[in-house]
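To start, the structure itself, in structure tokens.
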Amino acid sequence: MIVVMEAGATEEQIQSVIDRLVALDFSVHRSTGVVHTVLGGVGPEAAVDPVDFKVLDGVKDCFPIMSPYKLASRHFKPGGTVVDFGKVQIGGNAVVVMAGPCSVESEAQIQASAEAVVRAGARFIRGGAFKPRSSPYSFQGLGEPGLKLLRKAADAHQLLVVSEVMDQTQISVMEDYVDLLQVGARNMQNFNLLRELGRSRRPVLLKRGISATIEELLLSAEYILSGGNYNLILCERGIRTFESYTRNTMDISAIPVVKKLSHLPIVADPSHGTGRRDQVIPMARAAVAAGADGLIVEVHPDPDRARSDGAQSLYPEQFAELMRQLALIAQAVARTV
């Protein structure tokens, strides 16, 4: 149920509507726009007539939400969400780029990575300290010591940090070091983790699962939003199809679809989307042209010796060229980098 208040509705009128919804067993989520306050009620819509709310003082309109995802729906926040990190905003006019290695391997490696990506124009450094790997014998990350190295490199170069959280027990540790908590594709439907992230006030980057539909992605987002954490960014990172030439199939069409269905910003991950270094730059360009609010790209100072995902990591000079090209594409679609 969506209740749109009149422009200039008083706080008393808004609270009266909230109290009415709560009395009918709705949980209420408030979104304050430039002109209107919107109240999203999640509960037994079938038993409620929207007309009963339309006649209340201060109410402009009321209508049910037909989609299964209520809070992630564009109806809840028509103007779109901007996730604010202070000096950086995702979901605004600027296309924000996050870049760095798949894994934090050493202090020298992460410092060199930070220096390279900030010089090219990235605003976040990415790097995994806890790594979900298909094989138990593969490098699993450095853990908390890796987070400390990541934070140190970011602070030295005035960057923000994005890193993957794999388990709800890691959240409290990671909040000390990380500005944006990344949920990987394997955990998109780890509902216990999503519920805990809903209680966190740290922004979350939610990646689409390798076999997930767009509706399933938005329903996973709903878990985080329903917990009260509205600082949420979606990520298209490719899906598994019958094609075997690339690691995944990069679903560029998902970007404008999500933009239509949801108010949440969306970024693209062309590194995991293709798994091939030679495909990362073309897919990154396409994602920005399609409306992505940002990119997350793997960059390594020596990809041939990377302990994970070297084949899809850009060399620093390739990343610098990508950023130059993105500035031109962003300008063509009335955005900046």
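Candidates are the residues of segment 204-231 that are touching a residue at least 24 places away in the same chain (Cβ under 8 Å) and among the polar types (S, T, N, Q); the one that is nearest to GLY91 (Cα to Cα) is ASN231. Got at least one residue in segment 133-141 being crowded, with 21+ Cβ neighbours inside 10 Å and either within 22 Å of VAL267 (Cα to Cα) or of a type outside the set (Gly, Ala, Ser) (or both)? The answer is no; no qualifying residue exists.
Of everything listed in (1) at pLDDT 90 or above; (2) on the phi < 0 side of the Ramachandran plot; (3) within 23 Å of the chain's Cα centre (by Cα), the single unmet condition for SER31 is (1). Taking (1) surrounded by fewer than 17 Cβ atoms within 10 Å (Cβ to Cβ); (2) more than 28 Å from ILE214 (Cβ to Cβ) in turn, ALA120 satisfies each apart from (1). ALA289 meets the conditions (1) farther than 20 Å from ARG126 by Cα; (2) of a type in the set (A, V, I, L, M); (3) buried (at least 18 other Cβ atoms within 10 Å of the Cβ) in every case but one. The failed one is (3). Take the conditions surrounded by 22 or more Cβ atoms within 10 Å (Cβ to Cβ) and small (Gly, Ala, Ser) and apply them to GLY80. Does it pass? Spelling it out, it is not the case that GLY80 is surrounded by 22 or more Cβ atoms within 10 Å (Cβ to Cβ) and small (Gly, Ala, Ser).
All conditions in (1) more than 15 Å from ARG307 (Cβ to Cβ); (2) over 19 Å from the mean Cα position of the chain (by Cα); (3) buried (at least 22 other Cβ atoms within 10 Å of the Cβ) hold for VAL104, with the sole exception of (1). In segment 114-166, the residue that is nearest to LEU180 (Cα to Cα) out of those that are at pLDDT below 95 and among the basic types (Lys, Arg) is LYS131.
For SER67, indicate whether it is surrounded by 13 or more Cβ atoms within 10 Å (Cβ to Cβ), over 20 Å from the mean Cα position of the chain (by Cα), of a type in the set (Gly, Ala, Ser) and assigned to a loop (DSSP other than H, G, I, E, B).
Details: surrounded by 13 or more Cβ atoms within 10 Å (Cβ to Cβ): yes; over 20 Å from the mean Cα position of the chain (by Cα): yes; of a type in the set (Gly, Ala, Ser): yes; assigned to a loop (DSSP other than H, G, I, E, B): yes.
Yes.
Of all residues in segment 192-208, those satisfying the criterion of being surrounded by 21 or more Cβ atoms within 10 Å (Cβ to Cβ) and either more than 13 Å from the chain's Cα centre (by Cα) or not β-branched (Val, Ile, Thr) (or both) are LEU193, LEU194, GLU196, LEU197, PRO203, LEU205, LEU206, LYS207, ARG208. Considered as a group, the residues in segment 92-101 that are among the small types (Gly, Ala, Ser) and surrounded by 21 or more Cβ atoms within 10 Å (Cβ to Cβ) include one that is nearest to the chain's Cα centre (by Cα), and that residue is ALA99. Scanning segment 43-63 for residues that are modelled with pLDDT under 85 and under 30 Å from the mean Cα position of the chain (by Cα) turns up GLY43, PRO44, GLU45.
The values are calculated or read from the model by the stated rules, or taken from the named source; none is laboratory data. These numbers were taken from a predicted model, which means no experiment stands behind them. Neighbour counts run over all protein chains shown; Cβ positions are idealised from the backbone, glycine included.
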